[in-house]
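Every number here is computed from the coordinates shown, using simple stated rules; none is lab data. As the structure is a computational prediction, the values presented were derived from the model and not from experiment. Cβ: placed from backbone, ideal geometry, glycine included. Neighbour counts: every protein chain shown.
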Amino acid sequence: MTPIDPAARANVHLIDHPLVQHKLTLMRKKEASTNSFRRLLGELSSLMAYEVSRDMALQDVVIETPLETMTAKVIDGKKLVFVSILRAGNGILDGVLSVVPGARVGHIGLYRDPNTLQAVEYYFKMPKNMEERDIVVVDPMLATGNSAAAAVTRLKECKPKSIKFLCLLTCPEGINTMYKAHPDVPVYTAAIDRELNSHGYILPGLGDAGDRIFGTQ
Ligand code: URA
């Protein structure tokens, strides 16, 4: 088993709220239907969005209550971009957007070249003015960490204000790879599983997240 680098572990926010843990357990079960897997992922994603947006900047606005004028706080949701790593990342979007409906959405598609084993980009579409925005990259599984790290490398070319990585499950290998490539990118996850198998699947895990979301298994 691969040990987790202590510095890398310190960069991980483990979201251990009982509701998150409960829903994750239901999703892991092999008998969970596509319908319930997708619904649970949506619910979990919205709960995790609270945690990942905890330090979002607030601004003052002057409003009228029925009784008087006051200065109150609002977030500028439009400054936030959720970037989905295709295709499984799309399963997280509805949940996070239910909490921050004004956020923008970007998509990045990568595949691994079988000869060079390098991540190759096949799709990249981001909102304008990325240098003014905070990014949360979403992908349910941070497994080898290679495509996640490649996605973050590419996103850094857009010079965003900040980048966070939100997943459902990760493992020591994914945490170490991400930290080595991007120590400035905190990882938010609901669980750190034991290990990767030789096919790059997380154990005990939940199987192929994309297949379970889209019913293609
Ligand atoms: N991607 C998945 O969907 N599942 C894993 O276990 C690892 C990567």
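What number, in percent, do you get for the relative contact order of the stretch 47-111 if the mean sequence gap of Cα pairs under 8 Å and at least 6 apart is divided by its residue count?
Value for the stretch 47-111: 31 percent.
Would you compute, for the Cα atoms of the chain, the largest minus smallest coordinate along each principal axis and list the three values in descending order, in whole Å?
Principal-axis extents of the Cα atoms in the chain, largest first: 63, 39, 35 Å.
Just list whichever of Lys79/Lys164; Lys23/Lys156; Lys30/Lys164; Lys73/Lys156 have alpha carbons separated by over 21 Å in the model shown.
Beyond 21 Å: Lys23/Lys156; Lys30/Lys164; Lys73/Lys156.
Can you tell me what share of the DSSP beta bridges in the chain is antiparallel? A percent to the nearest 5 is fine.
Details: 15 of 39 bridges.
The antiparallel fraction comes to roughly 40 percent.
Along the positive direction of the dipole of the stretch 6-214 (beta-carbon charges: Lys, Arg +1; Asp, Glu -1; about the Cα centre), which of Leu203, Pro186, Leu80 reaches farthest?
Leu203
Given contacts defined as C-alpha pairs under 8 Å and at least six residues apart, what's the relative contact order of the chain, whole-number percent?
24 percent
Pick out, in residue order, every one of the GluC sites (Glu not before Pro) in the stretch 1-89 that is DSSP loop and has at most 13 other C-beta atoms within 10 Å; say none if there are none.
Details: sites: Glu31, Glu43, Glu51, Glu64, Glu68; in loops: Glu31, Glu68.
Counting only loop positions with at most 13 other Cβ atoms within 10 Å, the GluC sites (Glu not before Pro) in the stretch 1-89 are Glu31, Glu68.
Only counting other Cβ atoms within 10 Å, I'd like Thr25, Thr170, Thr144 sorted with the fewest neighbours first. All intermediate terms of the calculation are to be shown ahead of the outcome.
Numbers: Thr25 13, Thr170 28, Thr144 18.
With the sparsest Cβ surroundings first, the list reads Thr25, Thr144, Thr170.
Once every DSSP H run of n ≥ 4 in the chain is given -39500 (n - 2.57) and the sum is divided by its residues, what mean residue ellipticity at 222 nm do you get, rounded to the nearest 500 deg cm²/dmol?
On the way: 7 runs with 72 residues, N = 217.
Calculated at 222 nm, the ellipticity per residue is -10000 deg cm²/dmol.
May I ask you to sort His17, His182, His107 by Cβ crowding, counting other Cβ atoms within 10 Å and putting the fewest first? Spell out each step's value before the answer.
Details: His17 14, His182 20, His107 17.
With the fewest neighbours first, His17, His182, His107 line up as His17, His107, His182.
Counting other Cβ atoms within 10 Å, which trypsin sites (Lys or Arg not before Pro) in the stretch 49-96 have at most 10 and lie in a DSSP loop?
Values: sites: Arg54, Lys73, Lys78, Lys79, Arg87; in loops: Arg54, Arg87.
Sparse-neighbourhood loop trypsin sites (Lys or Arg not before Pro): Arg54.
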